[in-house]
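Right, one structure below, let's go through it.
Please treat every number below as a calculation from the coordinates, not as lab data. In this text, all values refer to a predicted model and were calculated from it rather than measured experimentally. All Cβ positions, even for glycine, are placed from backbone atoms using ideal geometry, and neighbour counts span all protein chains on display.
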Amino acid sequence: MKIANFSILYYYNNILSNRLMTCVFETVSALSIMTTKDSAKTHLDAMGGDVEGILAGSLEDKDFYNSQGVKQLTDKGFSSDDAIAMLALYKSSKKYGYDISESTIPKIVNLAKVESRGDPLERLIKSPFFLAKTCWIFEHAPYFLFYNESSADRLDSFILSFAKKYESRFLKRGLKTEFISSVPLKIE
């Protein structure tokens, strides 16, 4: 997965909903069609409502990979990886009430790049939902699993292990996912 310009995506997120959209832009590293925040703002202001509608429409999508939302965003000029990142950040914030740190997605993406092709983490983060879930675990594991005594290597190793186990024990078993619709959308 190659994220283009997270600073631009985070900036666009700010246009749509302050902290969330700021988060999207500060994280991506270089959208091919937009290289500065000013050019991004001009481009994104022109299609702002369209993109916001796509992101909002993705909240009810039962497809873990948000195929329709990714296609709609790529049709607007975003790379598929940027679209996945935007959808993950938006869904995490709007549907589940958790704002992912602006530095987390690039760390997860970089970790997947360091690993060999075909690694479970690389496959897992092709889904906005699973990318968001991996970010949540990455942000909370240092405190809940390692009691704030973990090293970066230990956390990376844990994330890689999580991806492998999640894929083999949940996704590849074809477990039913209907229960997900009964999970509260947002805790107020």
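Rounded to the nearest whole Hz, the Karplus-based 3J(HN,Hα) values (6.51 cos²θ - 1.76 cosθ + 1.60, θ = phi - 60°) of segment 95-104 follow the sequence 8, 10, x, 10, 8, 5, 4, 5, 8, 6, with x at glycine and proline.
A simple packing score, the average count of other Cβ atoms within 10 Å per residue, orders the peptides 127-136, 99-108, 54-63, 152-161 as 127-136, 99-108, 54-63, 152-161, with the highest score first.
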